[in-house]
Each structure stands twice: as structure tokens, then as C-alpha cells.
Amino acid sequence: MPTRKKNSSIKELLRPVMRPAWSPTSLVVLTSAIAALYILMEWIFLFTRPSFLQTIAFSQKFQALSTASGLLVLACGLALLPFLACGQVFKQAAFRKILALTAMLLPAFLLAALALLLLDNFTYTVFHFGIVSTRDWLRGLYGVLFTLLVVYLFFKLVAFHHLLAAFFSRWKPAHRLILVSSIFLLSLASAGIPALPMGNQLLGSNRFRPAGSRSIPPDILLITVDGVNAEYTSLDAYERDTTPFLRAISAESLRARNAFSNAQGTIGSITTLLTGKYPMDTRVIYSSDLLQGEDAYQHLPEILEDYGYYTVQLSNPVYADAYKTNFQNAFKESNGRSADQQPLAFTLARFYPGINYLFQQEMIDRFSDRLGHIYFLSDMANPYEQVTEAAVKFNDWEKIDYLFRLLEESSQPVFAHLHWMGTHGPRYFPDKQVFSAGISVDEQGINNQLFYYDAILEFDQAFEEIYARLEKSNQLENTLLVVTSDHSQKWTNSRLPLLIRFPRAEHQGVLDQNVSTVDIAPTLLDYLGIKTPKWMAGQSLLSPSFIERPIFTARIPKSSKDPLTGKVIYPESEPPFYQFGRISVIVCDQWYDLDLVEMSMTHGNVTAYATPCSAQINESQALELITQHMQRYDFDTDTLLPLRVRLGGEHP
């Protein structure tokens, strides 16, 4: 009896497959509905999790939903078109059955992909376990289950398609044609309308034309080392000789002794460095922030590209990536990706910049990363662990090798941004242990700082190799070298190293004024003879009229840790300051930090400040400087009034 029931169930499952219906209308409607459902569920997930995306206007969120839905439905329509066309030309029943069954694999795959993502979202959120944490046989098990799910859903959808085909068979042919046409016209409008103004409107709207005086532009290597304080280098007196080579070449470089970051983390600081704009202007500081509007096109790489430079970024795709921050027309290559290697991503970025592209690319990455992982095609990286745990050594030396291959092969001058991750922490993996000699890398513990010093020394040695290879290839005197850090260790108001070695050791000297990362882009343009655009807030360090100004540094709100997972949790972004939680001002050797959440101020002195200092300000004056800075970039500062009254800077 049980065997008979089992055989009956199998026959019931196979019956629609043995006699599949031929119905173009059903195929289009079913596939389009599943495609739209896939986008909707991803939209709900991505736009409801805590991030700056919650503060975006609903109209922008809805446009991202409709655009992505339209694109996927159109893509599915194009995939189905050969089957539908063949079915109209060749009307043999057996051939049409094969076409119908083959075409049904598409909606089955889409529905299985959605189920996989929903399951992974659920298990990772509730049980802190998901595809990214699987290894070996368990990883392969996901692949087997996904394959079985596609097969199971295929049979179920074929059966449903059979019912749907019977339903549409009662419609008049003209009505079926109207329905299918309406689906594609609506999808075309949803996908096409947002792209129309972007095709060429902003592309080149702020472009410069070559007018510089240098006939042979130098290569520019902008090297940022992660999280290094100037006081931990041996550029000035320090008990540990962590940067002997940097100290040696400082005599032939322009060195700023009191340089500071304008943003707490790498995303904000690198964006400031490349745009010459403050974070309060671009609104980029958090890991999921991105440049929007004209900000996406106003930056140093775009200007240099117009002057004939080949631009490349060698950073970390999870950690600091120009494409994810929505730099448009910026880098020909970024972290191993280029237009030639990823034409789809680059096309989407061009026609759908901003929120639309971010949403589309995130969806593509979420599924492709998981699919590659479960079928052993690629290893899925855990972005949280990469940034917060540093469980393995970063591939910094590989970046240097690639950089020199590029310099040798390029027929254009090269602008390269190389971000060194070895000093990132919280754990360090130096190739050679000097300061941490005799201590196991697996037991860093209270000796963690000693490994940090070794990581700085390793960077110094890497820079020495870069210098030596440039010298050996006779490229040194036509290369502009910039070495700095993105921010200080643990995001304090500490000084950063900043050296600029110009070709032929021009402009060597020491600057004692306070400068910041916002000044680097104008300095490079000044040296090249390119006029600094008005939208850059920084000043050229080469200018004889350089005016020392207050240094402003933006930070995200204070965080907490999930007691179960250890994951860092940030408060939700709320008006009027959104993702900005704190902002500091530095005048001479004094720093004042305004907490925008707690409405309180703290202050102190810059550690090991390098020069004598006479300028002094009080809390009230510091708050006034911060308020004016925020007002300049259209922040509503009314909520600061009680604090200003309390500190005596404003009268009620």
C-alpha cells in the first residue's frame, strides 16, 4: 500500500513534465512575477536593516525597487525570447514541449535563489550561522541542497504553469498579447526612465581640459597605511625605530609634522582625501555611505584621468572601495575589477549611479558570492571578520607586485592609490618579528601593541622596496610619492605621518602648521599646474599663502557589541545629524570633541604635538567653530542651542 501511494505521488509529480503546456503568456507572467518577487524580498531585506539607507527618501527607495524589478524582468524576457520565437516558428508539439521545459528552468532557478537567500538571512540573523561560515563538506552540502531545490521547484512550477496555461487559454489572443506587451512596456519604463538623465548629463559635467605646463606628467603613487599615528613612527624622536626608511627620505621630501585626518574611518578619510571635500559635505563616513549627485563626479581621479592618467585603486574590496562608494569616472581598475572584467557592473554604475546602483550591485554580489561558495568556485569572504577580526594576513605585497607590472606596461602616466592593510588590526601578522620577538602571533593579547610596531616596520620596509624598485627602473625622478595614513589608531585625535616626495626631491622641507587629508588633492593639482576647483575645500601645501585653519574631523556614533556574536552595533541614523555621531575641532595642540548624541563636549591635547603652540580656545569657541562648520554644509544645528547656552556661547 505505501509503495502504491509513493508511485502515485511520483506519477502525479511527473505528469505535467510528461505533457507540458505550450503557453508563452504563462511563461512570461510566471517568470516576471517570480523576478519581481525576488527583487521585492531583497529590497525589503536591504532597505530595512540598520544603515544610512533608512534615512533615504521613500521616493528614492521606491525608484530602486521599480528600476531593479524592471531590469530583471527585461533580462528574463530576453532570456525567454529565443524559446518563444522558436515556438512560434516551429510548431511541432514535441519540440514545443522541450522548449517549454527548458524555459521553465529560469523561473525555477530564480525561485530557488530567493529561497536560498531567505534561508541564509534567517539562519544568520537568528542562529548566527550561514553560508559564509560553512567549510568543507558542509559547504558542499549547501550546493547539493540548492541543486535539489532547483529540481523540486522545477517540477512544482511546471505543474503550476500547466494550470496557468489552461487559464490563459480561455483569453482571446489579442488580450494575451496586450498583457505580455504591458509587462514589457512597464518594465522598460521602470528600467529606462531613471537611466535617461544619467546617460551623459553628469558624465563630464565637471571635466577639465589639459592646460598644464608639464609635458611629461609624473606617475603619482598615493600610499595610505591603515591606522598609524605619527608618534608611533620614528620620523621624530621615538624609543622604537619603526620607520627608519621614512626617516631617511624625509630629508628629501615635504613633510607635514602636524597632519590630521578629517574622518574617523577609512571610508570617510579616503573619500575626503580623493575628493578634497569634508565628510560633512559629501555625507560619506559610514561603511554603507556613498557619494551622490555631483559629488560622485567631483574628485581627484576624474581630473587626472582627463589629463591622460591611467587610474587604479589597490585597496580592499570589502573595506575601502571606490566603486562601492560610488566614485564615478574615477578608477579604470579598483581592487582587481575593471570595465573589461565586469562590463555589467560598470554599465549599471554608469546609467544607474547612486542608490540604484548600490542596490543592484548588492543583490548581484549577495547571490553570486553565495553561489560561488557553495559550488567551490570561489571563497566567500566574511566582510565583518575581515574588517574587525583580521583573522588572516592581508595581501599587501601582492598589490605592490601588481603596481609595478602596471607601471611597466602602461603607456600612460599612472595615478595609483595603494592602501596598506597590514597595520589594520586588531591582530597583526608581520613577516618578521622584531619588537614582538619570541611571542607567538596566536597569543598577542597584552603584547598586541608590539605586533603593531612590527606591522609599521613592515610597511616601512615595503615602502623602501617601492622606492628601490622605482630607482632601479629609472622611474623615481618622474614619480610623485605620497605617504600618509587614513586615520589614527583607534580613531583618536592624533597626528598622522604625511610625506610627499616630489620628482627630483623638489619642495623638500618641513611644515609645522596643522594640515589635514583634505589638503592632499589640492597639493597634487598645484604641483601639476592644474587649477584647484572651487568645490575642493583644502589648500595646497605648496602655496605661499597657505593659511592654517581649524581641523575638523567627523566620526560615527559610539557603538556597542552584541554579547552573543561580538558584532559591532551602531545606533540608527536619525535627523538632524544622521550617521554623524561626533565631530572634533583641532586648533594648534588642543582638540575638542562634540558628541552629537549625548550633547556633551570633551577636550584634551594632541599627543606628542610636534611644535610649540600659542593659540588657545575654550569650549564655547570650539563649539562655535563646529557649529559654523556644520551650518556651512546645511546641517540643522538648532538642537545645539541648549549646549551653546550652557557653555556661554549663546544667549537665550
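The values are calculated or read from the model by the stated rules, or taken from the named source; none is laboratory data. Treat the numbers as computed from the prediction; the structure is a model and nothing was measured. Don't worry about glycine lacking a Cβ; one is built from the backbone with ideal geometry, like all the others, and counts go over all protein chains shown.
Data for the structure
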quantity	calculated
Residues that are part of a loop (DSSP other than H, G, I, E, B) and among the polar types (S, T, N, Q), drawn from the stretch 214-240	S215, N229, T233, S234
Qualifying positions in the stretch 490-506 - more than 25 Å from the chain's Cα centre (by Cα) and surrounded by fewer than 17 Cβ atoms within 10 Å (Cβ to Cβ)	R504, A505, E506
Residue that is among the acidic types (D, E), surrounded by fewer than 18 Cβ atoms within 10 Å (Cβ to Cβ) and touching a strand residue (DSSP E or B) at 6+ places or on another chain (Cβ under 8 Å), where the choices are D486, D512	D512
S334 within 28 Å of L542 (Cβ to Cβ), buried (at least 20 other Cβ atoms within 10 Å of the Cβ) and of a type in the set (S, T, N, Q)	no
Evaluation of G308 against (1) surrounded by 18 or more Cβ atoms within 10 Å (Cβ to Cβ); (2) at pLDDT 90 or above; (3) in a loop (DSSP other than H, G, I, E, B) (one fails), failing number	(1)
Residues located in the stretch 626-647, provided they are surrounded by fewer than 17 Cβ atoms within 10 Å (Cβ to Cβ) and either part of a helix (DSSP H, G or I) or touching a Gly at 6+ places or on another chain (Cβ under 8 Å) (or both)	Q628, Q631, R632, D638, T639, L641, P642, V645, R646
Extreme residue, surrounded by the fewest Cβ atoms within 10 Å (Cβ to Cβ), among residues of the stretch 357-381 that are within 19 Å of A296 (Cβ to Cβ) and free of Cβ contacts under 8 Å to residues at least 40 places away in the same chain	Q361
Residue check, P197 touching a helix residue (DSSP H, G or I) at 6+ places or on another chain (Cβ under 7 Å) and at pLDDT below 95	no
Residues satisfying the stated conditions in the stretch 453-483, i.e. of a type in the set (G, A, S) and surrounded by fewer than 19 Cβ atoms within 10 Å (Cβ to Cβ)	A468, S473
Pair list, Cβ < 8 Å and 6+ apart or interchain, from the stretch 166-179 residues that are under 14 Å from W22 (Cα atoms) to residues that are hydrophobic (A, V, I, L, M, F, W, C) and at pLDDT 90 or above	F168/V29; R176/F168
Qualifying residue in the stretch 115-130 (condition: more than 38 Å from the chain's Cα centre (by Cα) and assigned to a helix (DSSP H, G or I))	no
